[in-house]
Amino acid sequence: MTDLVLGAAPVADLVSGRGPLRRLAMISLHTSPLDQPGTGDAGGMNVYVTEVARRLAARGIEVDIFTRATDSQLPPLVPVEPGVNVRHIVAGPFEGLAKDELPGQLCVFAREVLRAEAQFDLGHYDVVHSHYWLSGQVGALARDRWGVPLVHSMHTMAKVKNGLLAEGDTPEPQARVIGEEQVVAAADMLIANTAAEAADLVTSYGADPERVEVVHPGVDLDKFRPTSMAAARARLGLRQDAAVLAFVGRIQPLKAPDVLLRAAAELLQREPGLRERLVVAVVGGPSGSGLEHPTALVDLAASLGIADIVRFVPPVRRDELVDWYAAATLVCVPSYNESFGLVAVEAQAVGTPVVAAAVGGLTTAVDDGRSGFLIEGHDPADYARVFASVIASPDLRAALSVGAVGQAAGFSWERTADETLAVYQRAVARMGVEVR
Ligand code: UDP
């Protein structure tokens, strides 16, 4: 193993953890880390890629993130901060290409990534880390061409998603299922967000358990920290005695913001006296199949007779998001599926309890009864009951808030980056073993 050299980095050094893993190619084909999360295709994965890249750069690794150019004005290279660059790859039209049309651009995207590496003398990458199956297809090619290991993160999986569809949601196509199976087979190491995702990779996709590592996503604990509710409400123009139920994220059936609206309507039926001070905040923009009916939620609020209490807020940047979390009595995450749920951890880090569906990564993100509540299923009556008890008891809310901060403290991007780095080192080690 000591003789094998990957780029400029001796494998033995990489394996021992002493470094130097110098250069990393991340591939995030379908969504750029420069996009504003909370609408369209930009969400938790964008945050994940950016936060992990920043932490890896702080550990001395140069990270190039390859993404598809979606605007003719985008320069080929955008430095994000020292050690992190976004590289725009021209593959297909800049605008008007839906996510389900991207498989047709995989070949040209992969060719342009390989060409960029060859032509611009970027230097050799030590590891390729791809995000989402489209990027995994490209990463598998780069892996073979560059002779370096491929580490892949699924973020979401078609087979899991199709088993937990919201009503009216479109199933993921078989082409994606096949594409994901190919990536799972090709990757040297797979990173799963949770133990449940790792189990799905093994049982549903036939992944070799030896190649799957669980690394929890994190939260920026400097940015999302306990914040005064009163000050946040004042900044947002909310009355101090309001009962604020918040939803934050991309608006699409999978995320089930309709469950929150229906539960709020049910709550008002049970307790009409709350109407004067109940506020439902929906922070985010349409995404996925939600784009087909962008006014669906506004229409639903009207038909439920609660249009006057629902406040729709277009996607906001982190500082303002902290205020929305802090202003909320509770944050509701009623998704049908969630591979992790960054919103749940961010809200808790700010000190706001989370009421979430007991699905996917949310069962890891939320400590039921201590930092919030996990609810089986999507019956609005169940959510309304929990909302009523938290709103009625400031003591309960205060206790949950303490629990929430404690729960979020278990997650950090520093830890995510360290554990990801360890997976890279294992991937290099595995490759060394296999090459011999
Ligand atoms: N987000 C944001 N502004 C918004 C709404 C959401 O920056 O207005 C971010 C939020 O902070 C979180 C991410 O979008 O980091 C959503 O991640 P999550 O894992 O909750 O859901 P995903 O988008 O991955 O399905």
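Evaluating residue 273 against the criteria (1) surrounded by 16 or more Cβ atoms within 10 Å (Cβ to Cβ); (2) more than 22 Å from residue 172 (Cβ to Cβ) leaves one unmet condition, (1). Here residue 227 passes the criteria (1) outside any helix (DSSP H, G or I); (2) within 14 Å of the ligand (Cβ to nearest atom); (3) in contact (Cβ under 8 Å) with a residue 60 or more places away in the chain except the one numbered (2).
Counting only residues that are among the charged types (D, E, K, R), within 23 Å of residue 359 (Cα to Cα) and assigned to a helix (DSSP H, G or I), region 182-221 holds 2 of them.
Taking the options 104, 92, 96, 123, name whichever one is assigned to a loop (DSSP other than H, G, I, E, B), without any contact (Cβ under 8 Å) to a residue 24 or more places away in the chain and either open to solvent by less than 50 Å² (accessible area, probe 1.4 Å) or over 21 Å from residue 428 (Cα atoms) (or both).
96
Just one of (1) in contact with a Cys (Cβ under 9 Å, 6 or more places away or on another chain); (2) surrounded by fewer than 24 Cβ atoms within 10 Å (Cβ to Cβ) fails for residue 260. It is (2).
Entry remark, region 337-360: residues being open to solvent by 10 Å² or more (accessible area, probe 1.4 Å), under 17 Å from the mean Cα position of the chain (by Cα) and more than 12 Å from the ligand (Cβ to nearest atom) number 1 in total.
When region 138-154 is filtered for residues that are crowded, with 24+ Cβ neighbours inside 10 Å and of a type outside the set (A, V, I, L, M), the ones remaining, listed by number, are 139, 143, 149, 152, 153.
Looking at 318, 397, 370, 385, just one residue is within 16 Å of residue 220 (Cβ to Cβ) and either touching a Gly at 6+ places or on another chain (Cβ under 6 Å) or basic (Lys, Arg) (or both), and that residue is 318.
If the condition is being open to solvent by 10 Å² or more (accessible area, probe 1.4 Å), within 13 Å of the ligand (Cβ to nearest atom) and farther than 17 Å from residue 321 by Cα, then region 46-57 contributes only 50.
Within region 388-409, the set of residues being of a type outside the set (Val, Ile, Thr) and in contact with an Asp or Glu (Cβ under 9 Å, 6 or more places away or on another chain) comprises 388, 392, 403, 404, 406, 407, 408.
Just checking, does region 216-226 include any residue being open to solvent by 20 Å² or more (accessible area, probe 1.4 Å) and modelled with pLDDT under 95?
No, that holds for no residue.
I need every pair where a residue in region 246-257 that is on the phi > 0 side of the Ramachandran plot has its Cβ under 7 Å from the Cβ of a residue that is surrounded by 24 or more Cβ atoms within 10 Å (Cβ to Cβ) and not aliphatic (A, V, I, L, M), sequence separation at least 6 or different chains. Every condition considered, the pairs that remain are 249/38; 249/43; 249/255; 249/284; 256/334; 256/335. For region 233-336, the strands (runs of 3 or more DSSP E) that sit wholly inside it and include 1 or more residues that are within 13 Å of the ligand (Cβ to nearest atom) and among the aromatic types (Phe, Trp, Tyr) are 243-248, 310-313.
In region 37-53, the residues that are under 19 Å from residue 221 (Cβ atoms) and part of a helix (DSSP H, G or I) reach residues that are among the aromatic types (Phe, Trp, Tyr) and within 7 Å of the ligand (Cβ to nearest atom) with C-beta atoms within less than 7 angstrom, at least six apart or across chains, in these pairs: 44/340.
The values are calculated or read from the model by the stated rules, or taken from the named source; none is laboratory data. Computed from a predicted structure; not experimentally measured. As a convention, Cβ positions derive from the backbone with ideal geometry for all residues, glycine included, and neighbour counts pool all protein chains shown. Please note that ligands, DNA and RNA were not included when accessible areas were found on the heavy atoms of the full protein model with its side chains. Shrake-Rupley method; radii C 1.70, N 1.55, O 1.52, S 1.80 Å.
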